[in-house]
Amino acid sequence: MLLLTVVMIWTGLPITVQAEHRDDSLSGLQEVMEGVIQWKKDDTGETGPNLFGQHLLSDSQNLDWYAVGIGRMGHADDYSAYLSILKNTVVQKYATPKKMDLQKATEWHRTALAVLSLGGDPTHMGTDPHGENINLIADGVYYRGKTESLGSQGINGYIWGLIALDAMRYSVPEDAIDTRDSILVKILENQLPNGAFSLDGEDPDLDVTAMALTALAPYYNSEQEYVIHGEYKSVRDSADQAVAYLSETQETDGTFTAWGVGSCESSAQVMVALCSLGIDPVNDPRFVKDGNHVLDGLMRYRTSDGGFTHSYEADQENPSASPGQSNSMASEQALCALVSLYRFQTGLRSLYDFRPEMSQEQKEQITDLEKQIDGIEEDTEDVQALFNRYLSIPVTERCYVRNYKKLADIMEALQIPNTSEFLAASMNENISGNGAVTDVIHQASVTQNLIFQEDDWKAYQELPETMTTEYETQVIRLLDKLQSSKNKDEYPDVLSGLEKKKAEIQEIQKKIESINTQILDSLYPFEHIGFGDKGTVDSILDQIDQLSEYDKNQVLGYQDVLRAKAQIDTQIRSLVLAVCAGAAAIAMASVFWACFRKRRKEQKKAFSMDDDDNDW
């Protein structure tokens, strides 16, 4: 090893250290989770106390999955800042024809989950240009079909649509285009005979299989059956097949391989799926191979800097991920998986269930029932009594009875009627509401009782008099925080000042968008620009010159416009030189011709005089 290290140092090759892991304790998980967050801060140069600091927010990085991990962990950060940016981004996108995205419904789903993770409400995200409330759940899930099919991007649209819909057990209206039942059918139809789910309908995809299980988890205890490819099938039937497939494909070191490459993301998605189903990724014998469990497999991708690598192999499907080097996507998915496991081990709700945590009394009721089911004997009266206890649990909480299948199987053997409600029809619990944030380490709810503080006031004072889009993040964060603060009445001048600054920034953004449109419509492709475009180029540059230096660089193709201006100026100079040269040539020709004619006249005159002399 020493020789290898010396060789690497001498040759300049990167040294990759694969972290060892056998600490399955909660404190060990906490250390790893916090290490991922610190790695992300270090990787992006964020030096402040928060990941959602000014540096990252101004850089317009998509941190949605880090938001999910941090929020579901309850890790201290500036939640309101990131929520403000999310809300502003959504409002801006809704002002465009494609809104969040023309094809990908998952843009709605991911954003909704991030909002809920930080304690926000995705059903109230501001207003669109028509003054209508923006509801990400409605537009992205059950009404998505009004503009584009929920499945236009494949099974992922249905999987994440269902996850988002169940995040708060949202009610589905009667005129919905897509319902829970219709979405479940679409997901189940994509299962292959070997139990795996497929992205393209033909090839098994391990990651998609795990994500499908996560979506199906709330319905595992449902007795409802669906007609899938001509056969009756329950969610539990499908899930059991998929779990068996995952178990069979697990490697002896605890990892999982998808498309020929072992990856962190595959292990992470499997861990989330198992925890969502109530299956222990550390102790369930189906997922312990040669003494290595799913957590061991995931931790093999942890590197010495605290982040996680995508893979230790080159991956043609992910060429931007360097083998053995910490990777942002791998790290964010690992963080979510670790938080999911921590929640599972401490009796909290699953990763994507954002409702307030169950009361201690309700938790004990479920735990006691599970113990009774584990020790059940095939006695009709006892089994019926346990089933009655199961029915006393609220319908939307029955998914947390992890060993219900054992009870259901015994009831079927004893021919005891199973009268439990179909879960898909019983999930209509909330129309709206904020996601619950829980500090999982201290098992305490995190409430955002915002107060506009002295530091916020100072930050407002430091804003320049003349606005540019460079300050958009600061203004939005301060304005949103003040509007949500308990003491906002103490700062009326600040409130109006921030609103004015926001309006100024929006006006600048409109100007930039207008310039961008003119450039796209009039000047692209730049290779064809000529003298005839001079008026357009000059007009656009006049508009750009009214912007600040920072905003000039936000204009699409600004440097290309400058080059076009220089190109046209060069053409004009060449034309002027050509005209001047032509004029000079004409002038010289005229002089030459005049001289020629003068000499001819003189010659004629002289000739005439010679003739006269001859006459004498």
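The values are calculated or read from the model by the stated rules, or taken from the named source; none is laboratory data. Everything numeric in this text was worked out from a predicted model, so none of it was measured. Backbone-built Cβ (ideal geometry, glycine too); neighbour counts: all protein chains shown. The protein model used for the area step is the full one, side chains on, heavy atoms only, and it has no ligands, DNA or RNA in it. Shrake-Rupley method; radii C 1.70, N 1.55, O 1.52, S 1.80 Å.
Structure summary
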quantity	calculated
Full-stretch length increase - Asp569, Glu462 - with 0.36 nm per residue and alpha-carbon distance subtracted	34.3 nm
Equivalent-ellipsoid semi-axes of the range 352-413, from the Cα gyration tensor, Å, largest first	23, 11, 9
Amide H contacts under 5 Å for Asn430, placed H, 5+ residues apart	Tyr170, Ser171
Fraction of the pair-distance distribution of the range 283-408 above 17 Å, Cα-Cα pairs, percent	69
Dipole of the chain, positive direction: furthest Cα of Leu547, Ala196, Met299, with charges on the beta-carbon	Leu547
Binned Cα-Cα distances of the range 389-480, short to long, each 5 Å bin given as a whole percent	2, 8, 12, 11, 10, 10, 8, 7, 7, 6, 6, 5, 4, 3, 1, 0
Solvent-accessible surface (1.4 angstrom probe) belonging to Thr179, in square angstrom, nearest 10	50
All lysines inside 25 Å of Lys406 as judged from Cα atoms, apart from same-chain residues fewer than 8 positions distant	Lys233, Lys289, Lys363, Lys371
Area of Glu490 that stays accessible when all protein chains are in place (1.4 Å probe, Å², to 10)	130
Nitroxide proxy distance, nm - points 7 Å out along Cα→Cβ at Ile416 and Ser484	4.7
The range 415-477 and the range 136-204: distance between their alpha carbon centers, rounded to Å	25
Accessible area in the full protein assembly, largest first, 1.4 Å probe, for Phe308, Phe422	Phe422, Phe308
Which of Ser198, Ser426 is most accessible, then next, and so on - probe 1.4 Å	Ser426, Ser198
Solvent-accessible surface (1.4 angstrom probe) belonging to His229, in square angstrom, nearest 10	140
Heavy-atom accessible area order for Leu463, Leu118, largest first, 1.4 Å probe	Leu463, Leu118
Estimated 222 nm signal from helices in the chain, with DSSP H stretches of n ≥ 4 weighted -39500 (n - 2.57), rounded to 500	-17000 deg cm²/dmol
Pairs of lysine residues in the range 479-578 - Cα separation under 23 Å, sequence separation of 8 or more or cross-chain	25
Reachable aspartates and glutamates from Lys458, criterion Cα separation under 19 angstrom, eight or more residues apart if same chain	Asp78, Glu470, Glu472, Asp480, Asp489, Glu490, Asp493, Glu499
Calculated over the range 166-257: convex hull of Cα atoms, volume per residue (Å³)	115
